[in-house]
């Protein structure tokens, strides 16, 4: 799929193919598999990488706690998406650095991004491209 953001590419049905972590998924939209970063949230990392160490330092946590919280968020998102066949995405931006779309996932009226802040251990995050 050409990496172009189009206004008509909003509010589309998505078939989730992979939950990368608590704030990133892969899915099929209009026959193409794409990566989507969930807008407005930031979850802990799921492995000991530079960003995880930064999260540990900023939140006064151990690296093990950061990684565990990241894994827990991924499980929560995976279980939520696995139990719902009617998922849609509203695209809000493009992350050119990582070549992925940014958007809000919905299950019916449920805003999954907000759900992850409330139940999934994720934090509010203002996305800056």
Looking at (1) surrounded by fewer than 19 Cβ atoms within 10 Å (Cβ to Cβ); (2) over 14 Å from the mean Cα position of the chain (by Cα); (3) under 30 Å from residue 108 (Cα atoms), can you tell me which one residue 29 breaks?
(1)
Name, by its number, the condition in (1) assigned to a loop (DSSP other than H, G, I, E, B); (2) on the phi < 0 side of the Ramachandran plot that does not hold for residue 121.
(2)
Restricting attention to the stretch 85-107, which residues are assigned to a loop (DSSP other than H, G, I, E, B) and either modelled with pLDDT under 90 or closer than 10 Å to residue 34 by Cβ (or both)?
85, 96, 97, 98, 99
Which one of 79, 84 is over 18 Å from residue 51 (Cβ atoms), surrounded by fewer than 18 Cβ atoms within 10 Å (Cβ to Cβ) and without any contact (Cβ under 8 Å) to a residue 12 or more places away in the chain?
79
Filter the stretch 32-51 for residues that are closer than 17 Å to residue 71 by Cβ and touching a helix residue (DSSP H, G or I) at 6+ places or on another chain (Cβ under 6 Å); the one that is surrounded by the most Cβ atoms within 10 Å (Cβ to Cβ) is 38
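Have a look at 99, 18, 74 and point out the one that is on the phi > 0 side of the Ramachandran plot and touching a strand residue (DSSP E or B) at 6+ places or on another chain (Cβ under 8 Å). Explain how you work it out, then say what you get.
Details: 18 fails: on the phi > 0 side of the Ramachandran plot; 74 fails: on the phi > 0 side of the Ramachandran plot.
Answer to the check: 99.
In the stretch 22-46, what residues are part of a loop (DSSP other than H, G, I, E, B) and under 23 Å from residue 115 (Cα atoms)? Spell out how you get there, then give the answer.
Of the stretch 22-46, the ones part of a loop (DSSP other than H, G, I, E, B) are 22-23, 30-31, 39-40, 43-46.
Result: 22, 23, 39, 40, 43, 44, 45, 46.
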Residue 97 passes all but one of (1) more than 15 Å from residue 19 (Cα to Cα); (2) in contact with a helix residue (DSSP H, G or I) (Cβ under 6 Å, 6 or more places away or on another chain); which number fails?
(2)
Residue count, the stretch 60-74, condition surrounded by 13 or more Cβ atoms within 10 Å (Cβ to Cβ) and more than 11 Å from the chain's Cα centre (by Cα), comes to 10
Subset tally (residues that are more than 12 Å from residue 121 (Cβ to Cβ) and assigned to a loop (DSSP other than H, G, I, E, B)) for the stretch 50-60
1
Hits in the stretch 61-75 - residues which are more than 10 Å from residue 21 (Cα to Cα) and outside any loop (DSSP other than H, G, I, E, B):
63, 64, 65, 66, 67, 68, 69
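The values are calculated or read from the model by the stated rules, or taken from the named source; none is laboratory data. Because the structure is a prediction, the values reported are computed rather than measured. Glycine gets a Cβ as well: all are built from the backbone with ideal geometry, and neighbour counts include every protein chain shown.
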